[in-house]
Structures are given as C-alpha cells and as structure tokens.
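Chemist: The structure under discussion is supplied below as structure tokens; questions concerning it will follow.
The values are calculated or read from the model by the stated rules, or taken from the named source; none is laboratory data. Predicted model, so just to flag it, every value in this text is computed and none were measured. As a convention, Cβ positions derive from the backbone with ideal geometry for all residues, glycine included, and neighbour counts pool all protein chains shown. Side chains included, ligands, DNA and RNA excluded: accessible areas come from the protein's heavy atoms. Shrake-Rupley method; radii C 1.70, N 1.55, O 1.52, S 1.80 Å.
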Amino acid sequence: ELEPVLLKALRKLAAKGIEIEELASLDADFQDVTIYATEGDQLAVGVTAAITPIGAESNRRWNTSKGTVWLTATPITKPDSELVEIADLEVYGKTNTALGDTLIVVLSSEQVKAVIEQELVEDFKGDYDRIIEKALKGLGGLKVGRLDFAFDVAKVEHGSVQVTGAGLFMPVSAQGKVAATVAPPN
C-alpha cells in the first residue's frame, strides 16, 4: 500500500513545483511507483516519470525525458517498535543521453529524495495491535479434534522487520501457558 501513497506525495510535490539549480524549473509528471523487496534486506523503488526542463530566462520548454529510475533503501526497525524508517536511500542509473540523465538528477535531488524517505516511513502500531488482538482472541478457545486448548499469553514480542521476496516479514514470539483438555470419545 506504500506505492499509491508515495505516488500521491510525488505528484503533490510536482504541483508545488520542483526547481533544481542546474535545470531551472521543471514540469514533472510522476506516473507510477513500484516497490520490490531485494537482496540484502533492501527495498527497490521504481519511479516512472516524464520530466521537462523549462529554461529559466526564456521559459523555453526543452525535450521531455521519460523513463523509470530505481532507488534502493533499507527499512529499519528496532525490536518491539512498530515504526519502520528508511536509511541509505540511493538512486541508481546512468543513461547515454543528457535527457535521460535529467530523470536521474531530479530523482537524486534532496527535495524529491526527502519526499520518498518520508513516505516510506510507516508506523503500523494500530495494525499490529489489531492483529495481536485477533490472534489472542483466536487462541482463546481453540479446538483440534477432541482437544480443547486454553492459552494464557503473558508476553508478545517482535523482532526487526526483514525484507523478503513476498514483502516485509516480522518475527513474532509469544510466551505464556497452555492448558489442554481431552473431550471424552463419542
């Protein structure tokens, strides 16, 4: 769900206007955002855009540069914290044209990178609390065949977020007691 949120934030930045010293002002059209898990516990963020530099003195529109630029970032959490932050956001790419490099310059700018970093921060405390509550409720009266289980969970802890091919994974451990009752055969 981060992709549409990030795209909306980039479009909002473009509406305010992006100015980069070496390019003057820009007409930026952010078209798509794609996020994948990669090796090394990183996320790959692809931003598809069309960027048109506008000459500062003449307001002349230069040719539009279109394409997708990829960034990598490392999601970071502390054990038992529900806040995922981003570190080491880097832009990758080099093209064989000045227009192609315009996309890289724009995505490498501090103002664009700041928006991306800010939107990739996620506080999932509410979601985490709801999931734990549902899990505890589900464990309240668990039946397996003739066995009735009653769980008394005293403590739930979680580790740091890990990036996997399916998305983000968080190891969770619980401590407590369980009582099992065997129902008489029918």
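Chemist: If r is the Cβ-Cβ distance from GLU110 to VAL156 and R0 is 30 Å, what FRET efficiency results, to the nearest 0.05? List each step's numbers first, then the result.
Modeler: Working: r = 39 Å, r/R0 = 1.31.
Once the sixth-power term is evaluated, E becomes 0.15.
Chemist: For ILE86, what residues show an amide H to amide H distance below 5 Å, using hydrogens built from the backbone and excluding near sequence neighbours?
Modeler: ILE76
Chemist: Given 0.36 nm per residue, what is the gain on full extension from LYS134 to ASP27 after removing their alpha carbon distance, in nm?
Modeler: Values: separation 107, 0.36 × 107 = 38.52 nm, distance 4.73 nm.
Going from the current span to full extension adds 33.8 nm.
Chemist: Given the rule -39500 (n - 2.57) for each run of at least 4 DSSP H residues, summed and divided by the residues of the chain, what is its mean residue ellipticity at 222 nm, to the nearest 500 deg cm²/dmol?
Modeler: Values: 4 runs with 52 residues, N = 186.
One gets -9000 deg cm²/dmol as the mean residue ellipticity at 222 nm.
Chemist: Would you mind getting me the FRET efficiency between LEU142 and ASP80? Use the beta-carbon distance for r and R0 = 35 Å, nearest 0.05.
Modeler: Efficiency computed from Cβ-Cβ geometry: 0.85.
Chemist: Local charge sum around THR38 (other residues, Cβ-Cβ under 15 Å, Lys/Arg +1, Asp/Glu -1)?
Modeler: In short, -4.
Chemist: In what sequence, largest accessible area first, do GLU85, GLU3 appear using a 1.4 Å probe?
Modeler: Output order, biggest surface exposure first: GLU85, GLU3.
Chemist: Using all C-alpha to C-alpha distances in the chain, build P(r) with 5 Å bins and read off the rounded percent in each one.
Modeler: Computed distribution, short to long bins: 1, 7, 13, 15, 13, 10, 9, 7, 6, 5, 4, 3, 3, 2, 1, 1, 0, 0, 0.
Chemist: Continuing with this model, one more query. Just how much of ASP80 is accessible, in Å², when a 1.4 Å probe is used and the result is rounded to the nearest 10?
Modeler: Solvent-accessible area, nearest 10 Å²: 80 Å².
Chemist: Filter the cross-link list LYS16/LYS113; LYS12/LYS113; LYS134/LYS177; LYS78/LYS177; LYS8/LYS113; LYS16/LYS125 down to pairs whose alpha-carbon distance in this structure exceeds 24 Å.
Modeler: The pairs that break the limit, which is 24 Å between Cα atoms, are LYS78/LYS177; LYS16/LYS125.
Chemist: Name the longest site-free stretch of the chain, where the excluded sites are trypsin sites (Lys or Arg not before Pro) in a DSSP loop with no more than 12 other beta-carbon atoms within 10 Å.
Modeler: Longest gap between qualifying sites, sites excluded: 1-59.
Chemist: Which angle between 0 and 90 degrees, to the nearest 10, do you get for helix 2-16 versus the longest principal axis of the chain when only C-alpha atoms count?
Modeler: 30
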